[in-house]
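Worksheet: one structure, shown below.
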Amino acid sequence: MSRSTSQAITARRTVCLGELARGTERFLGPPRETCPWCGSGRLRTRVRTPDLPRHRPGRFAVDGCRDCGHAFQNPPLSPEGLAFHHRDLAESPLEAGESTPWPGLARAARLRHRAAARAMLAYGEPESWLDVGTGYGHFPAAAREFFPYTSFDGLDATERVTRAREAGRVEEAYRGHLTDPHVLARLRGRYDVVSMLHHLPRVPGPRAELRAALAVLRPGGLLLLELPDPGCLFAMLLGRWWAPYDQPRHLHLPPVRNLTAELRARGCEVLAVDRTRPHTPGDLAAALALAVSRAAPAPDTPWRPAPPSPPARTVREVLLGAGAPLIAAGAAVEHALAPALRRTRFANAYRVVAQRPRGA
């Protein structure tokens, strides 16, 4: 490790430990007694888990509604908690397109982006397209292969969207939340297509986000949604090791019937629902990777009061070396079984295409 990298890690650790010294209770809001989607009081706890991918402090719970099937973080993150736990999101090497320990993850993301874009070919080539939660703009870059004459813009809450524009992946970059009044006023009625790929689980109010998405569409415009399926069998079998739970980053996981009912209630026509092709193999491999990471956290984890000792680093290297073949084997098995699994309840995602009313 270079001296500059070591100094950066030390500085980051100092900042993080200073924040944690104030306590973590302020990061969670009051627990809910009813489902935020349907209002039912018939709740059950699906999982209780620490932050497995990033090792931030605290434990989190995902509850499920016995009546409508909505899964949600309970208690939810407070505004301070959202800022704290989402702050380092922009530094994800996978989303930045940089090298990762598991290059198969980046390849899976590219394939998923291409599949989502290909699904829109049936509706013609739009003039303007807004990708919400675009990150570094990898989806617009993939979609441009199918829609070369479409103008792609991106919106994201982080500085990543600016880097997407600098890289030429989007033409206009908007930083903020779609529900921000100044953002909504600027974008209202401008787009033929709005896409939200695995974005709704990250927002505190998915219904408000849907309303805002419909507001920025032109009459007759199309809304493309893709989400993890909380009813899939992998979620039930893997429990807290199911990667799409992604605590504390994912706040809501609505099932497809809830989402389509909400869109129809807002006057939209649901043009397509696909519960097979959006399936992305990798749940077993991701669960194994999370288990290895949990047993041997990265040495630059800033929540540690002190850097790991040389013996601890050696143990980590041994565990990573032993775990890599298992992870690769899990990925190979899932890819081999994917054609069959995507036609069963093991399918882990769904896609919805809806149209805003033309007379709206």
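By Kyte-Doolittle mean hydropathy of at least 0.5 and Cα axial length of at least 15 Å, which whole DSSP H helices of the chain are selected? Span-like helices, by this rule, are 283-295, 310-341. Sorted into 10 angstrom bins from 0, the C-alpha pair distances of segment 135-283 split as 10, 37, 38, 14, 1 percent.
Work out the FRET efficiency for Arg26 and Arg294 from their Cβ-Cβ distance, taking R0 = 45 Å, and round it to the nearest 0.05.
0.95
For the chain, leaving out every one of the GluC sites (Glu not before Pro) that falls in a DSSP loop and has at most 16 other Cβ atoms within 10 Å, the longest unbroken run is 172-360. Exposure proxy for Arg112, Arg26: other Cβ atoms within 10 Å of each Cβ, ordered fewest to most, give Arg26, Arg112. Selection among Pro204, Pro181, Gly168 by position relative to the dipole of segment 101-233 gives Pro204 as farthest towards the positive end (Cβ unit charges, Cα centre).
Remark on segment 225-284: hydrodynamic radius 13.0 angstrom, per the Kirkwood mean of 1/r across alpha carbon pairs. Based on the Cβ-Cβ distance from Ala208 to Glu317, what FRET efficiency comes out when R0 is 51 Å, to the nearest 0.05? Efficiency for this residue pair is about 0.65.
On full extension, the segment bounded by Arg48 and Ser309 gains 91.0 nm, given 0.36 nm per residue less the C-alpha separation.
Most tightly packed first, judged by the mean number of other beta-carbon atoms within 10 Å of their residues, the peptides 284-291, 59-66 read 284-291, 59-66. Using Cβ point charges alone (K and R +1, D and E -1), the dipole size of the chain about the Cα centre works out to roughly 620 debye. Projected over every direction and averaged, the convex hull enclosing the alpha-carbon atoms of the chain yields 18.3 nm².
Just so you know, all these numbers are worked out from the coordinates, no wet-lab data involved. The model shown is predicted, which means the values in this text are computed figures rather than measured ones. Reconstructed Cβ throughout: ideal geometry from the backbone, glycine too, with neighbour counts over all protein chains shown.
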